[in-house]
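The values are calculated or read from the model by the stated rules, or taken from the named source; none is laboratory data. Since the structure is predicted, the reported quantities are computational estimates derived from the model, not experimental observations. Virtual Cβ from ideal backbone geometry, glycine too; neighbours counted across all protein chains shown. Surface accessibility is based on the protein's heavy atoms, side chains included, excluding ligands, DNA and RNA. Shrake-Rupley method; radii C 1.70, N 1.55, O 1.52, S 1.80 Å.
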Amino acid sequence: MALTVLRGGHIVDPATGQDAIGDVWFEDGRIVERPEGRSADHEIDVSGHIVMAGAIDIHSHIAGGNVNTARLLLPELHRAIRARLADTPLSTAKWSSYETGRLYAQMGFTTVVEPAMAPHHALQTHLEFNDVPIIDKGALTVLGNDDFLLGMLRDGEKDGAINDYVAQTVENTRSLGLKCINPGGVEAFKENMRAFGLDDVVPFYGLTSRQIFQALQKSTQAVGIAHPLHLHMNNLGLAGNIDTALATIDAAQGLPLHLAHVQFYAYGKEGKNGFSSAGALFAEKVNANPNVSVDVGQVMFSDTVTISSDVLKQFNSLPGAIPKKGAIFDGDANGGGIVPYAYKISNYYNAIQWAAGLELFLLIDNPEQVFFTTDHPNGGPFTTYPELFALLMSADLRAQHLARLPADVLEHTTLPSISREYTLYEIAQMSRSGAAKLFGFVDRGRLSPGAVADIAVYKPGRDVAGMFRRAALVFKDGALVVRDGQVSHYTRGKTLHIRPRYDQQITNRLDSYYDDLYGLPRSIFDVPDAALPHKDAFAEVPCRI
Amino acid sequence: METATLDGKAIALGDAYKHAAKILSGAAFPLVAGLGADVAGARAAILLAERLKGAFDHLASRETLADIDVKRSFGMFTTTANEARLRGDCVVLIGPGLTRAWPGMLERLALAEPPRRGAQAQQPRKVIWVGPEGDEANAVPGAKVIPASVQELSGVLAAWRARFGGRPVALGAEKVALIDGLVETLRNARFGVFVWSASTLDPLAIEMMQALVIELNATTRFTGVHIGGRSGASGVTQAAGWMTGFPPRTGFGRGYPEHDPWRFESSRLVDSGEADAALWISAFDGEKPSWSRADIPLITLAPAHTSPSRGLFIKVGQPGVTHDAVLMSQETGGMTLRKASAPTDAPSVAQAIGAIMAEVSEGAWR
Ligand SMILES: [Zn+2]
C-alpha cells in the first residue's frame, strides 16, 4: 500500500500527548515515522481538520442471538427508508449487521466490543461479526451463572482449576475477556427468586453474588486477561441501588474491575417519587477507587429496546414494556431478555436517568476511567454518540435540555450546577487512548508509529454532533473507507481475541462434564474457523502475561 | 447423474451458472425461494436477492412466521432443550407429530429420566401430551395423554387458561375437574416447559400457550421449547435477521429490505406473475415448490436425485452430509458446525450461488 501523509491537521492523540498541528504518515496499514529521503505517494491536506485515531466502543450490543431476537421482535423499530449506494450491500437495511458497520465507520469508529457473548451461542455472535463490515470486532464471554463455575466454587476447588476454566472458555469462545451479568442472580431466577442482591445466596450452591464476581475478578487477573472483569451488577434500574454499586466497589478489594452501564445504578430514593440521581455520589466513589473503571450507559431520549442477559431484571421489566411485548429466554447459564422501551424527556424517571448519566461523565475526574457508552441499544442507540459528545462539550447545550425536563427533576440532580465541558483531548482520552488501555490494545487508539492505521479526520464546526456523526475521512488499516461522512465501499475488519494459557487437563474434565450432563460433545459449541465464511476472520491480541 | 441439466438435458456446469445469471439478472422481480440451505447458503442467497432487487422466502415460512407473529405481537418465553432436560419437572408436549418434526426429541429431553437441578432433582418428571398423533405418546412411559385434534388445541389451551385464572368454562363438571387437576399440576411445577412445533399449531394456539406461560410466571417458573421448521428454517431465519433485520418473506424492490408475509410469500408471487423468474433452493431433500404455475423461468438447486424435467437444474450437496455446514441445532438451540457424514465434491448452495453471483455484475441491475 502506498505511503500516505495527512498533512497539517490538528492531531489529538492522548496516547502520545499530542494536541497540536502536525502530519500523520502511514503505509501498509500501519502508522509510520516520517521516512527519511522518501516523499509520499499520496499527500492529503487536512489543514483545518481534527485528526484522531479511530474510536473504540467498549460496550455495545451489536451481535448475537439476543440482539437478533430483538430485531425479529421489533420490525416496527427498524423500517428501512433509503436505497443503498453501490458496493455496499444491505448498508441501509436498518439495524442489520451491515448497517452497523457502516454507521460506526461513518462516525470514525474502527473497533467495537460486543459485551455479552454466551459460551453456548458464541458461533452465532462470530457469524454476525463476519457480516459487520469495515470495523474490527471483539466480544466478552459471559460466565457467572454457569453450573460448572458455581459447582467448582461450591465445592471449594483450588483457584488453579477455576483459572483454567476461565482461560479455556475465553480461548474456546474466541473473545477478549470476561463479563459477569448479575452473578448468580440469573440462576436464582430459574429457582424462582425475583430479586437478587450482592449478598443473596444462590439456591443449591450456597454462594453469593459477591463471592462469584470476586472469584472471576481474581481469575481474570491470574490468567493475564488485560481487560478487568466486566461486571453487570445486581439490582439494575432499582431506586436506591446506589448502595449496591458502592458496596460492589468496596467488594472489589482494590483489584481491577470494570462496572458496566453504571448510570443504571446511580439511583437514590429521594423526592416524592422515591427516585433521585446518585450520580455525584457514585462519581466520588469512582474518583477514590482508581482500580475501578466504568462505562455510563447514558440514556438518550428515544424509542429503543433493552437487550440484556440479566434475565431476572428483564422479566421484572416486562410490565413496563413499550410497546407491550417482550422475549424471555432461560438459556444455559445466562440467556436473555428483550424488552422494548421508550425514554421520554417528559418522564420524570427517564429525565433523572439522563441527568445521572451526565453527572457521572462530568464528575469523574479521569476521562480514561469513564467511557461513553449508551449500552447500545439499552439507553439509546450508538448513533446518538455524537449528540452525547456535544452534550459533554457544552454546558449551554445541557442547559437547553435541562429547561425541557420536568421541573422537579432539577431538585434531584446536581447536573445544573456542573459547568465542566469536555475538551476534544478528553473526548479522545475516553474514546481512544483510555479505551485501548482498558483492553490492553497496544497498537490501536493511538497514532504512534507501529499502530494500526485506523484514523478519523473530522471537520470542526458549530455543529459538534454533526462533526462526530459524519467524519470527513476515515482510514481503516490504511484504506480510505469514508469520505464526507459516507462509506464508499466495504473492507473486512477482523475479530480480535486473546488466547490465555491454561492446563489442558481442564479440557478433558469439561468434555466429561458435558458428556455426563447433556450427553453431547462439548465441541458442538465450538467456533471453528471452518464455520465462518471467510478465512482470516480473526486476529490475536496478546495477553498481559 | 448429471451435475446440471436444462429441461432434463445435460449442460456444462459453467454454462449452467451463466444461464442462471442471465435468467435472474434479466428478470424484473426475481424470487429466491425454498431457501432450504445451511447458513452459508442462506447468506449467499440473501445477498443475491438483494443484488437482484428481488425477494426471498423459505419453504417453511408459514411455520416460522407462526412463532414470530406471536413473538412480535405479544412476546415469548423460551428455553433450551438442555435446560428443559436438566430442570423441567413438568413437561407439556402440545400437538401431533413432535417426534417427526424432531426425531431426537425424546432422547434430548430425557423425558423418561428425572430432572437434575433444583429441589425437583431426582423427582419423577411429569409429562403431559395434549393431542399426540396415533400412538406416538407411547414412547414416553407414564405420560398423561389428553386427546385433542389439531383444531381443538387452541380451545383446550384457552380452557386451561380460563381455569387457571379462576374463570368459568362451558364444559361438563367432569371435564372441568379434569382441567382443574391439570392446571394445579402446572401451578405446582417448579420449572415447567411447553414443547411445541409450529408446523402443526396455528398461531392462536401458540399465543394461548404463551399467554398461559406469562400467567404461570406470576408465581412459578414456566417456559417453552419450540421445535424449528424443516429444511434449516431456524438457521435461515437467524441469518436473515442479522443481514436484513427481518425474517424471510422480505423483498428488495426499492433497494432496501421490506418485510411483508403476504406480499413476499413465494407461491403468491409466482402465481400472480409478480415474480418473473425463480431460484428454488432445496438442498436438504429436494422438496418441490408449492406454486402452481409452470411457466416461470426456474432454476433449481437441489440434490442429485431430485433433478426436475423442466427448467435449469444445478446439483448441489446436502448440508452436513456431503459438506460441512453451519446449522441451527435443535438440541442446543444454537448454531453449530456439522461435519460432513459422507463428503462428496458436489458444490454447496453457497458455492453454486457464488458462481452465479460472479456472473451478475452490479451494473446489470443498477
Ligand atoms: Zn450492556
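General observations
- Qualifying residue in region B:2-20 (condition: within 12 Å of chain A (Cβ to nearest Cβ) and either hydroxyl-bearing (Ser, Thr, Tyr) or within 26 Å of B:Leu279 (Cα to Cα) (or both)): no
- With respect to the conditions (1) outside any loop (DSSP other than H, G, I, E, B); (2) open to solvent by 10 Å² or more (accessible area, probe 1.4 Å), A:Leu510 falls short on a single one, namely (2).
- Qualifying residue in region B:340-350 (condition: open to solvent by 10 Å² or more (accessible area, probe 1.4 Å), within 9 Å of another protein chain (Cβ to nearest Cβ), under 14 Å from A:Ala531 (Cα atoms) and in a loop (DSSP other than H, G, I, E, B)): no
- Test: A:Phe315 is in contact with a helix residue (DSSP H, G or I) (Cβ under 7 Å, 6 or more places away or on another chain), among the hydrophobic types (A, V, I, L, M, F, W, C), touching a residue at least 60 places away in the same chain (Cβ under 8 Å) and away from chain B (no Cβ under 14 Å): no
- Positions within region A:220-247 being closer than 30 Å to A:Pro542 by Cα, open to solvent by 10 Å² or more (accessible area, probe 1.4 Å) and in contact with a helix residue (DSSP H, G or I) (Cβ under 8 Å, 6 or more places away or on another chain), in sequence order: A:Ala222, A:Val223, A:Ala226, A:Pro228
- When the criteria are applied in full, B:Gly95 fails the requirement of being open to solvent by less than 10 Å² (accessible area, probe 1.4 Å), within 13 Å of chain A (Cβ to nearest Cβ) and at positive phi.
- Contacts under 7 angstrom Cβ, first residue in region A:281-298 being away from the ligand (no atom under 16 Å from the Cβ), partner charged (D, E, K, R), 6 or more apart: A:Ala283/A:Glu359; A:Asn287/A:Asp365
- Subset of region B:247-270 (residues that are of a type outside the set (Lys, Arg) and either in a strand (DSSP E or B) or facing another protein chain (nearest Cβ under 7 Å) (or both)): B:Pro247, B:Thr250, B:Gly251, B:Gly255, B:Tyr256, B:Pro257, B:Glu258, B:His259
- Flag if A:Tyr385 is away from chain B (no Cβ under 14 Å), modelled with pLDDT of 95 or more, within 16 Å of the ligand (Cβ to nearest atom) and part of a helix (DSSP H, G or I): yes
- Residue match in region B:199-209 (condition: open to solvent by 10 Å² or more (accessible area, probe 1.4 Å), in contact with a Lys or Arg (Cβ under 8 Å, 6 or more places away or on another chain) and of a type in the set (S, T, N, Q)): yes
- Checking B:Thr300, B:Thr332, B:Thr336 one by one, the residue that is of a type in the set (S, T, N, Q), part of a strand (DSSP E or B) and within 12 Å of another protein chain (Cβ to nearest Cβ) is B:Thr336 and no other.
- In the set A:Thr69, A:Thr88, only one residue is under 20 Å from A:Ala479 (Cβ atoms), hydroxyl-bearing (Ser, Thr, Tyr) and in contact with a helix residue (DSSP H, G or I) (Cβ under 9 Å, 6 or more places away or on another chain); that residue is A:Thr88.
Each row is one residue, and each column tells you yes or no for (1) more than 16 Å from the ligand (Cβ to nearest atom); (2) out of contact with any Lys or Arg (no Cβ under 9 Å at 6 or more places or on another chain); (3) closer than 30 Å to B:Gly333 by Cβ; (4) not acidic (Asp, Glu).
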| site | (1), (2), (3), (4) |
| --- | --- |
| A:Asp332 | yes, yes, yes, no |
| A:Tyr343 | no, yes, no, yes |
| A:Tyr348 | yes, yes, no, yes |
| A:Ala351 | yes, no, no, yes |
| A:Leu358 | yes, no, no, yes |
| A:Phe372 | no, yes, no, yes |
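- Check on A:Asn366, modelled with pLDDT of 95 or more, more than 16 Å from the ligand (Cβ to nearest atom), over 15 Å from the mean Cα position of the chain (by Cα) and in a loop (DSSP other than H, G, I, E, B): yes
- Some residue of region A:199-208 being within 16 Å of the ligand (Cβ to nearest atom), over 13 Å from A:Leu153 (Cα atoms) and part of a loop (DSSP other than H, G, I, E, B): no
- Selection from region B:212-246 of residues that are over 30 Å from B:Glu184 (Cβ atoms) and at the interface with chain A (Cβ under 7 Å from one of its Cβ atoms): B:Gln238, B:Gly241, B:Trp242, B:Met243, B:Thr244, B:Gly245, B:Phe246
- Qualifying residue in region A:425-439 (condition: surrounded by 18 or more Cβ atoms within 10 Å (Cβ to Cβ) and part of a loop (DSSP other than H, G, I, E, B)): no
- Just one residue in the set B:Ala137, B:Ala121, B:Ala110, B:Ala101 is open to solvent by less than 30 Å² (accessible area, probe 1.4 Å), among the small types (Gly, Ala, Ser) and more than 14 Å from chain A (Cβ to nearest Cβ); that residue is B:Ala137.
- Within region B:304-337, the residues that satisfy the criterion of being within 20 Å of the chain's Cα centre (by Cα), open to solvent by 10 Å² or more (accessible area, probe 1.4 Å) and without any contact (Cβ under 8 Å) to a residue 40 or more places away in the chain are B:Gln318, B:Val321, B:Leu337.
- Any chance B:Arg72 is over 15 Å from the mean Cα position of the chain (by Cα), basic (Lys, Arg) and at the interface with chain A (Cβ under 10 Å from one of its Cβ atoms): yes
- Where A:Arg7 falls short, out of the listed (1) part of a loop (DSSP other than H, G, I, E, B); (2) more than 9 Å from every other protein chain (Cβ to nearest Cβ); (3) away from the ligand (no atom under 16 Å from the Cβ); (4) not aliphatic (A, V, I, L, M): (1)
- In region A:35-154, counting only strands (runs of 3 or more DSSP E) that sit wholly within it, the ones holding 2 or more residues that are aliphatic (A, V, I, L, M), open to solvent by less than 10 Å² (accessible area, probe 1.4 Å) and within 16 Å of the ligand (Cβ to nearest atom) span A:109-117, A:136-142.
- Some residue of region A:218-232 being in a loop (DSSP other than H, G, I, E, B), in contact with a Cys (Cβ under 6 Å, 6 or more places away or on another chain), more than 16 Å from the ligand (Cβ to nearest atom) and within 24 Å of A:Met117 (Cβ to Cβ): yes
- The residue that is surrounded by the fewest Cβ atoms within 10 Å (Cβ to Cβ), among those in region A:173-202 that are on the phi > 0 side of the Ramachandran plot and of a type outside the set (D, E, K, R), is A:Asn192.
- Any hit, region A:505-526, residues being over 30 Å from B:Gly104 (Cβ atoms), without any contact (Cβ under 8 Å) to a residue 12 or more places away in the chain and out of contact with any strand residue (DSSP E or B) (no Cβ under 8 Å at 6 or more places or on another chain): no
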